[in-house]
Every structure is written in C-alpha cells, then in structure tokens.
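S.K.: I have a structure here, written as structure tokens, and I will follow up with some questions on it.
What follows draws every value from the coordinates through simple rules; no lab data is involved. Please read these numbers as outputs of a predicted model, since none were measured by experiment. All Cβ positions, even for glycine, are placed from backbone atoms using ideal geometry, and neighbour counts span all protein chains on display.
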Amino acid sequence: MPNNDLIDLLGKHINEVPKAYTDTTTIDRKEDVYTLDITDHYFNKPYEMVFLSVDDNLIIKQISFAVNETIDQSLYQSMVSAYGEPNIMLKFGELISIDPTVTQNDWFKIENTLTYNIEKCTFDESPFVFGWHKENYDIQVLITDQKNQRPRTLIVFGKGILDEYKKF
C-alpha cells in the first residue's frame with residue numbers, strides 16, 4: 001500500500017514539505033510540480049521519486065509516482081483487495097484515424113497522432129487506465145504499452161482526477 005503520509009499531503013501547502021524541490025532557477029517562478037526523493041514500495045513494487053502537483057496557491061492537488069514495470073495480475077489483485085473493484089477501467093478500442101502531422105519541440109518529436117475509440121473493459125483486456133473514487137481522493141493507474149522498452153505504471157492520487165473519464 002502507499003505510504004499514508006504521502007496521501008495525507010493532499011490539500012497541504014508545499015511549504016509543509018521541506019524536502020520537496022523544483023528544478024527552476026528563477027526564484028519568482030511558481031512551479032506546478034515538485035519532486036521528493038523517496039525510496040519506498042507500493043504493494044511490494046519499488047519506486048524512487050514522488051511528484052507533487054500544486055495549484056496556483058501552492059496547495060498540493062496530486063501525488064504521483066511510477067513503478068518501473070507494467071502492472072501484472074498480482075499487483076492488480078493486491079490493489080483490488082485494498083481498494084475494492086475499480087470504478088473505471090478503460091482500453092483503447094478501434095483505431096479511428098492517423099494524423100500525419102509532425103509535432104516537435106526540444107524534448108520530443110511526434111510524427112503521427114493516432115486516435116482510438118475508448119471502451120470499458122476488464123483487467124484481462126489490457127486497460128490503459130483504471131481507478132477508484134475514494135471518500136477524500138481518487139486513485140488513477142496509467143499503464144504504458146506492454147511492448148514499450150521501458151514499461152511503467154504511473155500511480156496518481158488526487159481529488160477529481162478521474163472526472164475526465166466519467167463520460168465512459
């Protein structure tokens with residue numbers, strides 16, 4: 001399970017987390033993501049960094065970290081035992097279009113944009129996202145493509161983070 005101390009940071013001011021830092025060199029700039037160097041485990045899966053997203057008032061609105069593997073049945077069952085059945089689980093459906101537009105900046109280049117239908121699914125159907133609505137926060141699990149050479153599962157805790165999926 002996640003460190004409850006992390007979840008308790010939701011709604012706190014970033015100044016209450018003295019070890020959180022940003023990579024900015026401009027003092028006046030408000031970063032919206034802070035980093036904590038923490039080595040811990042989430043259901044026996046190690047992670048080493050935690051990211052804290054803040055609003056304009058520097059109140060922590062999201063907490064996220066990555067497990068460096070694609071979630072498997074064992075981890076999924078551990079999460080279901082702790083949180084119950086997910087409220088949302090979605091997969092990519094039929095490919096709708098391929099946009100050959102090239103988008104590039106200093107960090108990456110995208111040569112094609114693929115658009116898919118999004119469908120409800122079960123865990124056995126390879127979801128890309130699933131999550132839970134809890135009383136004081138939501139839990140979102142984002143899964144990278146299993147064919148990816150650097151598979152990762154991103155775990156996010158925050159209020160209202162599943163709202164964009166309500167239409168499904």
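S.K.: Could you list, in sequence order, the residues of the stretch 119-168 that are of a type in the set (S, T, N, Q) and closer than 23 Å to Met49 by Cβ?
M.R.: Listed by number, the residues that qualify are Gln140, Thr144, Gln146, Asn148, Gln149, Thr153.
S.K.: Name the pairs whose Cβ atoms lie under 9 Å apart, with the first residue in the stretch 59-78 and without any contact (Cβ under 8 Å) to a residue 12 or more places away in the chain, the second among the basic types (Lys, Arg) and surrounded by fewer than 19 Cβ atoms within 10 Å (Cβ to Cβ), and 6 or more positions between them or separate chains?
M.R.: If the second residue must be among the basic types (Lys, Arg) and surrounded by fewer than 19 Cβ atoms within 10 Å (Cβ to Cβ), no pairs are left.
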